[in-house]
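Beneath this line is the structure, given in structure tokens, with notes to follow.
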Amino acid sequence: QVQLVESGGGLVQAGGSLRLSCAASGRTFSSYYGMGWFRQAPGKERDFVAAISWSGDSTDYADSVKGRFTISRDNTKTTVSLQMNSLKPEDTAVYYCAAGGTIATLKIFRVASWGQGTQVTVSS
């Protein structure tokens, strides 16, 4: 079983920044997993936000966050971060960390494991 634990959510004013982190553990976690972030706003479906390959060399972002959010991975490959700048009220959501195969499979929600989610609220 793979465990993913997110941290770093909170309340911020529009234009501000937050940094989310996700630590992966478990006997079945493979450092060859891609990792990503998704978000779900109240009353809406869960959406893809960003993903990074196992090597960290490749990334992909939803159009709505390109140029504002940056996903990164540490050298151990077991922690992924999401730096969120220029936050907007429409970024308000519960953010979920995910681990899976590749960026392509993560984007179609073929996820091996989900985190429990962390709330991000952006006030106007």
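The values are calculated or read from the model by the stated rules, or taken from the named source; none is laboratory data. Since this is a predicted model, take the numbers as computed values, not measurements. Backbone-built Cβ (ideal geometry, glycine too); neighbour counts: all protein chains shown. These accessible areas exclude ligands, DNA and RNA; they are computed on the full protein's heavy atoms, side chains included. Shrake-Rupley method; radii C 1.70, N 1.55, O 1.52, S 1.80 Å.
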*Specify the residue that is most open to solvent (accessible area, probe 1.4 Å); the eligible residues are those in the range 108-124 that are under 21 Å from Ser25 (Cβ atoms) and assigned to a strand (DSSP E or B).*
Trp114
_Restricting to the range 1-56, give me the number of residues that are basic (Lys, Arg), in a strand (DSSP E or B) and more than 11 Å from Tyr96 (Cα to Cα)._
1
*May I ask you to list pairs of residues, at least six apart or on different chains, whose Cβ atoms are under 9 Å apart, with the first in the range 78-93 being closer than 15 Å to Gly16 by Cβ and the second being among the acidic types (Asp, Glu)?*
Met84/Asp91
*Test each condition in (1) hydrophobic (A, V, I, L, M, F, W, C); (2) open to solvent by less than 30 Å² (accessible area, probe 1.4 Å); (3) assigned to a strand (DSSP E or B) for Leu87 and report the one that comes out false.*
(3)
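Among the listed residues Thr59, Thr70, identify the single one that is surrounded by 13 or more Cβ atoms within 10 Å (Cβ to Cβ), over 16 Å from Gln119 (Cα atoms), β-branched (Val, Ile, Thr) and in contact with a Leu (Cβ under 8 Å, 6 or more places away or on another chain).
On inspection, the qualifying residue turns out to be Thr70.
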*asked:* Looking only at the range 90-107, count every residue that is modelled with pLDDT of 95 or more and part of a loop (DSSP other than H, G, I, E, B) and tell me the total.
replied: 1
_Whichever residue in the range 1-50 is loosely packed, with under 12 Cβ neighbours inside 10 Å and basic (Lys, Arg) and, among such residues, is farthest from Ala93 (Cα to Cα)_ = Arg27
_Can you tell me which condition Trp54 does not meet? The list is (1) in contact with a strand residue (DSSP E or B) (Cβ under 8 Å, 6 or more places away or on another chain); (2) within 14 Å of Val2 (Cα to Cα); (3) open to solvent by 30 Å² or more (accessible area, probe 1.4 Å); (4) modelled with pLDDT under 95, and all the others hold._
(2)
*Here is a list of conditions, (1) touching a helix residue (DSSP H, G or I) at 6+ places or on another chain (Cβ under 9 Å); (2) more than 22 Å from Val122 (Cβ to Cβ); (3) of a type in the set (S, T, N, Q), and Ser64 meets all of them except one; can you say which number that is?*
(2)
*Out of the residues in the range 90-101 that are open to solvent by 10 Å² or more (accessible area, probe 1.4 Å) and either of a type in the set (A, V, I, L, M, F, W, C) or under 14 Å from the mean Cα position of the chain (by Cα) (or both), state the one that is farthest from Tyr33 (Cα to Cα).*
Thr92
